[in-house]
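Shown next, in structure tokens, is the structure this report addresses.
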Amino acid sequence: MKQVAAVALLLVLFFFLLPLVLFGGGSGGGEAPDGTPIPVLTPAPSGPLDTERTITVRQDGGTVETLSLGDYLWRVVAAEMPASFEEEALKAQCVAARTYAMRRMANPPQAHPDAAVCTDHTCCQAYITPEAAAANWGEQADYYTAKIKNAVSGTDGVVALYDGALIDAVFFSSAAGRTVDAVEVWGNSVPYLTGVDSPEGEEVPNWRSTVTVTPQEFRQTFQAAHPEAVLEGDPSGWFGTPELDSAGGVRSLTVGGVTVSGGEMRTLFSLRSTHFTISATEAEITFSVTGYGHGVGMSQYGANALAKEGKTYEEILQWYYTGITLDTIDTLAS
């Protein structure tokens with residue numbers, strides 16, 4: 001009987017521990033709020049290249065914290081891209097973020113010369129602490145924490161280069177079918193920031209959006225920037241035919257006899273992108289907008305769509321950054 005009991009105990013332990021051996025433990029499991037099972041995922045620590053390098057980060061309160069590059073990248077990717085995205089898209093984001101950080105480490109900005117980067121997304125890259133990210137993720141926190149750790153470790157030290165130099169790895173949320181050449185947005189031609197097709201679409205949250213104002217509100221806002229504009233009579237006559245950029249967005253537009261850029265209109269009326277059309281009546285003026293962001297470089301939702309098609313992170317990066325190569329940071333000093 002003792003032998004039978006011992007065998008039974010061994011079998012129970014075997015079947016209990018088998019999933020932990022095969023799939024790891026502690027990261028995931030259970031159900032998400034929508035009832036779908038949360039996968040189990042074993043987190044991998046940052047690789048040696050990201051662990052050996054440190055980066056100075058200016059926090060919101062003004063203090064400067066020193067982190068390993070891998071820990072910093074986790075915080076950036078968790079803030080910049082939805083953790084639910086495909087693994088290869090998250091890896092592409094890691095490389096873009098690492099490339100950006102390495103450029104800042106070489107040339108800290110005047111805004112905070114005591115630190116290579118800050119946590120203000122309008123100045124540097126978005127940033128979130130693991131505690132805040134876990135609070136946002138709820139029951140999926142362990143799984144998403146491990147998923148992003150694996151994206152960082154899976155690209156250990158990889159950066160994007162053009163002619164041997166770190167690129168300006170700019171990115172944005174979603175395109176309206178195509179990205180925009182940098183020269184059309186910022187006036188400077190950059191060989192690796194040329195317009196390419198981008199496959200995202202209606203699956204993107206708020207991919208199509210609208211902004212509606214009254215003619216009075218429009219007049220007040222626009223004339224504050226351009227008091228010489230003539231905005232009288234039927235509002236439908238205030239707008240000329242827009243000049244479009246290579247992606248179909250508004251490059252420039254005549255409003256009340258004043259020519260302005262699509263970028264300025266986006267800023268004045270808080271539009272999600274410059275890919276917009278305008279309809280005007282005596283009661284209201286409506287902007288119908290597609291996509292979100294400046295449109296240059298890597299589209300994050302486009303990267304996720306490419307990953308769903310089976311593209312690797314290397315292929316995604318080389319899709320959006322024309323003519324680049326990928327290498328590791330240990331080669332930069334050689």
Point to revise | Vicinal HN-Hα couplings computed from phi for region 227-244 (Karplus, 6.51 cos²θ - 1.76 cosθ + 1.60; Hz; Gly/Pro x) | key: x, 7, 5, 9, 10, 10, x, 5, x, 5, x, 6, 10, x, 6, x, 8, 9
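Can you give the Rg to Rh ratio of region 232-292, both from alpha-carbon atoms, with Rh computed by the Kirkwood formula?
On the way: Rg = 11.1 Å, Rh = 11.8 Å.
Looking at region 232-292, the ratio lands at 0.95.
Give me the extension gain from Glu131 to Ser252: residue separation times 0.36 nm, minus the current Cα-Cα distance, reported in nm with one decimal.
Values: separation 121, 0.36 × 121 = 43.56 nm, distance 4.39 nm.
Gain on extension, Glu131 to Ser252, equals 39.2 nm.
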Revision key, fill the gap. Heavy-atom accessible area of region 34-141 with neighbours in place, 1.4 angstrom probe: carbon+sulfur share in percent works out to 50 percent
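Classify region 112-173 from the C-alpha gyration tensor, please: rounded if a/c falls under 1.5, else prolate or oblate depending on whether a/b exceeds b/c.
Values: a/c = 2.42, a/b = 1.45, b/c = 1.67.
Since a/c reaches 1.5 but b/c is at least a/b, the shape of region 112-173 is classed as oblate.
If I take all pairs of Cα atoms in region 213-334, what percentage of them are more than 18 Å from each other? Mind showing how you got there, number by number?
Values: 4530 of 7381 pairs.
Cα-Cα pairs in region 213-334 separated by more than 18 Å: 61 percent.
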Revision key, fill the gap. Rg (one decimal) and Dmax (whole number) from the Cα set of region 112-252, in Å, equal 21.3, 61
Point to revise | Descending Cα extents along the principal axes, the chain, whole Å | key: 98, 51, 40
Practice item. Would you mind calculating the gained length between Leu244 and Glu202 on full extension (0.36 nm times residue separation, minus the Cα-Cα distance), in nm to one decimal? Key: 12.9 nm
Practice item. Note down the nm distance, to one decimal, between modelled labels 7 Å out along Cα→Cβ at Ala224 and at Thr42. Key: 5.7 nm
Study note, to complete from the structure: When the chain is treated as a Gaussian network with springs between alpha carbons less than 10 Å apart, the largest mean-square fluctuation among Gln59, Gln125, Gln300 is found at Gln59
Exercise for review: Could you please state, rounded to a whole Å, how far the C-alpha centre of region 209-246 is from the C-alpha centre of region 285-334?
Suggested key: 33 Å
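Could you please tell me the mean projected area of the C-alpha convex hull for region 168-236, averaged over all directions and given in square nanometres to one decimal? Before the final figure, lay out the partial values.
Values: hull surface 29.5 nm².
Average projection, Cα convex hull of region 168-236: 7.4 nm².
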Practice item. Loop sites only, by DSSP: take the GluC sites (Glu not before Pro) in the chain that have at most 13 other C-beta atoms within 10 Å and name the longest stretch containing none of them. Key: 1-201
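Evaluate the relative contact order of the chain (contact order divided by residue number), counting alpha-carbon pairs under 8 angstrom at least 6 apart; express in whole percent. Don't jump to the answer; show the numbers that get you there.
On the way: 622 pairs, mean separation 63.8, N = 334.
Once divided by the residue count of the chain, the mean separation gives 19 percent.
Filter the DSSP H helices in the chain by two things, a Kyte-Doolittle mean of at least 0.5 and an axial alpha-carbon span of 20 angstrom or more, and list the hits by number.
Details: long enough: 2-23 (32 Å, 2.49); 87-106 (29 Å, -0.24).
The qualifying helices are 2-23.
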Practice item. Specify which residue in the list Ile285, Phe218, Leu271 is farthest towards the positive end of the charge dipole of the chain, using unit charges on the beta carbon of Lys, Arg (+1) and Asp, Glu (-1), about the Cα centre. Key: Leu271
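Can you give the accessible area per residue of the chain, in Å², using a 1.4 Å probe?
Numbers: 16340 Å² over 334 residues.
Ligands and nucleic acids excluded, the result is 49 Å² per residue.
The values are calculated or read from the model by the stated rules, or taken from the named source; none is laboratory data. Just so we're clear, the structure is a prediction, and the values are computed from it rather than from any experiment. Note that we place each Cβ from the backbone using ideal geometry, even for glycine, and neighbour counts take in every protein chain shown. The accessibility values were calculated without ligands, DNA or RNA, using every heavy atom of the protein model including side chains. Shrake-Rupley method; radii C 1.70, N 1.55, O 1.52, S 1.80 Å.
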